[in-house]
Structure formats: C-alpha cells, structure tokens
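Notes follow once the structure below has been shown.
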Amino acid sequence: MTGSEDLFVDGVVDGKLNLVNGSLTIGPNGHVKADVTAREVIVRGNVEGKVSGRDRVQLWSTGQISGEVQTERLSVEDGALLRGNVEAGKQPVQVSGTKTGLTATLGKPTEPASLGSGTAAIRQ
C-alpha cells in the first residue's frame, strides 16, 4: 500500500506500507507483518518487519516491534517490547567538490546511535 496521507491501522496487514509524507499509526489491535516507511510511525500494536520513520518512531507501552528500526528520533514507553536492530539519529550529510577534491561531512562528528541487535523490554 502506498500513499501520502495519514493512515490508522487497527487490523491485520501483510505486505508493504509506504506513506511518503504521512503518519502511520498501528492501533492496539493492529498486527502488521510488513516493511513500513512513513514520515512518522506510531506503534500501539504489533509490527514484524523493518520500520523506517523519517522523522520519528514512537513505541507506546502496548506496542511491540520485531525487526529493524531506522529513524531520526526514537521514543519507547515503559512496557513496550523492541526486539531487533535499531539505528537512531541524524545521518551525516556529505558534500563533495570535484574541481578541488574537497570532501566535507556536515553535522555532528559522531556516528548515529546504533544499539545493535538484541531484545529490549521496558517494564514498570
């Protein structure tokens, strides 16, 4: 499924979800087995697959993600379950000049936060 509007999923979805400029919310009854791409992804149900939130990914206390997460900002509430690889933070912007051979990296000099793989369970 591809679109540019906001979408609320509170059922079963298999496949691929791609919302270019929209927000995707997986409701508490949502069970998504798909690669998900959106400007913002809010997970209150279950997602199995790659989750890419260009601006942000929010994992509510009732949410579960099994798979890879890529985003600029990640928010995880107490009680949520996150199992897989996480890459969060701004990607450095690279500028190259061919005439002078100049290469510069803009942004923070550090790499984006990478939490690696494993299981994180936050309980109250």
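Calculate, in nm to one decimal, what K16 and D55 gain on full extension: separation in residues at 0.36 nm each, minus their alpha carbon distance.
Gain in length upon complete extension: 12.1 nm.
Along region 52-69, what does the Karplus equation 6.51 cos²θ - 1.76 cosθ + 1.60 (θ = phi - 60°) give for ³J(HN,Hα), rounded to whole Hz, x for Gly and Pro?
Per-residue couplings from phi come out as 10, x, 4, 9, 7, 10, 10, 10, 6, 4, 8, x, 9, 10, 10, x, 9, 10 Hz.
Hey, can you rank 46-52, 70-76, 14-20, 2-8 by average C-beta count inside 10 Å, highest first?
Order by mean packing, descending: 46-52, 70-76, 14-20, 2-8.
Label points 7 Å out from Cα along the Cβ direction at R73 and M1: separation in nm?
2.5 nm
Values in this text are rule-based calculations from the coordinates and carry no lab data. Because the structure is a prediction, the values reported are computed rather than measured. Positions of Cβ are generated from backbone atoms using ideal geometry, with glycine treated the same way; all protein chains shown enter the neighbour counts.
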